[in-house]
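*Asks:* Would you mind keeping the following structure in view while I ask a few things?
The values are calculated or read from the model by the stated rules, or taken from the named source; none is laboratory data. Note that this is a predicted model, so its numbers are computed, not measured. Note: ideal-geometry Cβ built from the backbone for every residue, glycine included; neighbour counts use all protein chains shown.
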C-alpha cells in the first residue's frame, strides 16, 4: 500500500493545487465571482479578497491562478470578446459585403445571452470609471475586435473605421441594455439588425 | 439711520436666502461641485452632504435650491443636453439633409469643451451604474435629443431611428473621450465629422 501522504493527488492538495478537473472548476468559480463583483461594484471597489470570498476560496488561490487584480479582470471579461470555440472567423471572415451584419449579430448575440452580458457590463462600468480597466478594455477591443476586422479591410483608415463601427455597436448596446431607452430597449432584434448592419457595413467598406 | 438688522439684505441673509446675484453664484457653485462629485464618484457614492461640503455650503442650502439628490443630479447634467442659449434649433431645424452633420458637430462640441464634458462624464458613469441616474439620462435624451429630432422626421420608426443615431454619437464619445481608443482618440475632428455625419444622417433619413 502507498503512503497516502505521498499519493500525487494529496501532495498536490497540500501545495494548494487541486487536480486538473477540480482546478478548472475552481478557476471557473473564481471567474464567475469576479464578473459578478466587477459588474456590481466596478473595478475600483472590487478587491481580490472580495472575489475570493464570493467564490469561497482563499485569496492566495486567486493570485495563484490569475495574478494581480488587473489580470483577474482581464480574464473575467475576455470571454465577452473571445470568439466562440469552433467559430473563430465569424467576425473577420466570410463575404466582405456581409461583415456589418455578422458584427451586428455577434454584438446582439453576446448581449442577449445572460452569461456573456455580465462580463460586458462589468467591463463597461469599470472602463468608464477606472483607468486600469479602460486600458484592459482598449487592449481587448484592439486585439479581439477592431484589429481582426481592420486587418482584412483594404481601405485607408482601416483601424479608425473599425473603431467607428465598434462605436455604433457599443453605443447601441449601452442605450438598449444598460440605459434601456425606449423604443430601442424593446425593439425586435431583426428590426435592429436591419438598421444597424448597413451602418456598420458602411463604416467598414464605403469608399 | 436704519436698524441694520432690519435692512432687507440682512433679513434675507438671516433667513438663509442670499440676495439674487449671490444666490445665482451659490447655485452655480453647487452645480459645479455636484458635477465634479458625480463625475469622480458616480451617482450612488455621491451624497448631498458631500456636494455641499465640496461647494462650501450647508447641505440644507443644496436641498433648498434643488430638492433631492436626483434633482441635483438632473440639474447638474442638464447643461450637457440643453441647447446653447440663442441656438435652440441647431439640432432639429435647418436643412434636413444636413441634420447628421449638425448632430455630429453638436456632440463633438460638447465633448471637446471641458465645461460640458464634466457633466456628460458624470451622467454616463452614473447612468451605467445606477438605475435612478439611468432614468434621469433616459428622460434627458428623450426630451432634449431624440424627441426633438424624431418630431421632425417623416419616416416610420422615427424615435428608434433617432435613438440609433444617438447610439453612434454616444458610442463614439465613449470610445474617444473615455476609453481613449487609438487612433480614434487622436483623430482629427473634421475627419471624424466626415465619417460620423453620413451615418447619423442615414439613420435619420434613409428610407
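*Asks:* Residue B:181 is checked against (1) more than 7 Å from every other protein chain (Cβ to nearest Cβ); (2) over 16 Å from the mean Cα position of the chain (by Cα) and fails just one. What number does that condition carry?
*Replies:* Exception for residue B:181: condition (1).
*Asks:* What pairs come out if I take residues in the range A:153-164 that are at the interface with chain B (Cβ under 7 Å from one of its Cβ atoms) and pair them with residues that are surrounded by fewer than 18 Cβ atoms within 10 Å (Cβ to Cβ) and modelled with pLDDT under 85 whose C-beta lies under 8 Å away, six or more apart or interchain?
*Replies:* A:159/A:147
*Asks:* Additional query: Does residue A:161 satisfy the criteria of being within 21 Å of residue B:169 (Cβ to Cβ), out of contact with any strand residue (DSSP E or B) (no Cβ under 7 Å at 6 or more places or on another chain) and part of a loop (DSSP other than H, G, I, E, B)?
*Replies:* Numbers: within 21 Å of residue B:169 (Cβ to Cβ): yes; out of contact with any strand residue (DSSP E or B) (no Cβ under 7 Å at 6 or more places or on another chain): yes; part of a loop (DSSP other than H, G, I, E, B): no.
So residue A:161 fails the test.
*Asks:* Also, I was wondering about something else. Can you go through B:103, B:121, B:145 and tell me which one is within 14 Å of chain A (Cβ to nearest Cβ), modelled with pLDDT of 85 or more and not in a loop (DSSP other than H, G, I, E, B)?
*Replies:* Values: B:121 fails: modelled with pLDDT of 85 or more; B:145 fails: modelled with pLDDT of 85 or more.
Just a single option satisfies the conditions, and that option is B:103.
*Asks:* Next question, about the same structure. Could you tell me which numbered condition residue A:169 fails, if it satisfies all but one of (1) in contact (Cβ under 8 Å) with a residue 40 or more places away in the chain; (2) at the interface with chain B (Cβ under 8 Å from one of its Cβ atoms); (3) out of contact with any helix residue (DSSP H, G or I) (no Cβ under 7 Å at 6 or more places or on another chain)?
*Replies:* For residue A:169, the exception is condition (3).
*Asks:* Is it the case that some residue within the range A:177-184 is touching a residue at least 24 places away in the same chain (Cβ under 8 Å) and closer than 28 Å to residue B:145 by Cα? Step through it out loud before you land on a result.
*Replies:* Within the range A:177-184, the subset touching a residue at least 24 places away in the same chain (Cβ under 8 Å) is A:177-178.
When the remaining residues are screened for being closer than 28 Å to residue B:145 by Cα, the result is A:177-178.
Checked the range A:177-184: at least one residue is touching a residue at least 24 places away in the same chain (Cβ under 8 Å) and closer than 28 Å to residue B:145 by Cα.
*Asks:* Let me ask something else. What number of residues within the range B:32-45 satisfy the criterion of being at pLDDT below 90 and crowded, with 21+ Cβ neighbours inside 10 Å?
*Replies:* Residues in the range B:32-45 being at pLDDT below 90 and crowded, with 21+ Cβ neighbours inside 10 Å: 6 in total.
*Asks:* Given the criteria touching a helix residue (DSSP H, G or I) at 6+ places or on another chain (Cβ under 6 Å), facing another protein chain (nearest Cβ under 8 Å), at negative phi and not in a helix (DSSP H, G or I), does residue A:175 qualify?
*Replies:* No: the conditions fail for residue A:175.
*Asks:* Whether any residue in the range A:176-183 is in the same structural domain as residue A:103 (by TED's automatic domain parsing) and closer than 14 Å to residue A:200 by Cβ is what I want to check. So that I can check it myself, show each step before the final result.
*Replies:* Within the range A:176-183, the first condition is being in the same structural domain as residue A:103 (by TED's automatic domain parsing), and the residues that meet it are A:176-183.
Keeping just the survivors that are closer than 14 Å to residue A:200 by Cβ gives none.
For the range A:176-183, residues in the same structural domain as residue A:103 (by TED's automatic domain parsing) and closer than 14 Å to residue A:200 by Cβ: absent.
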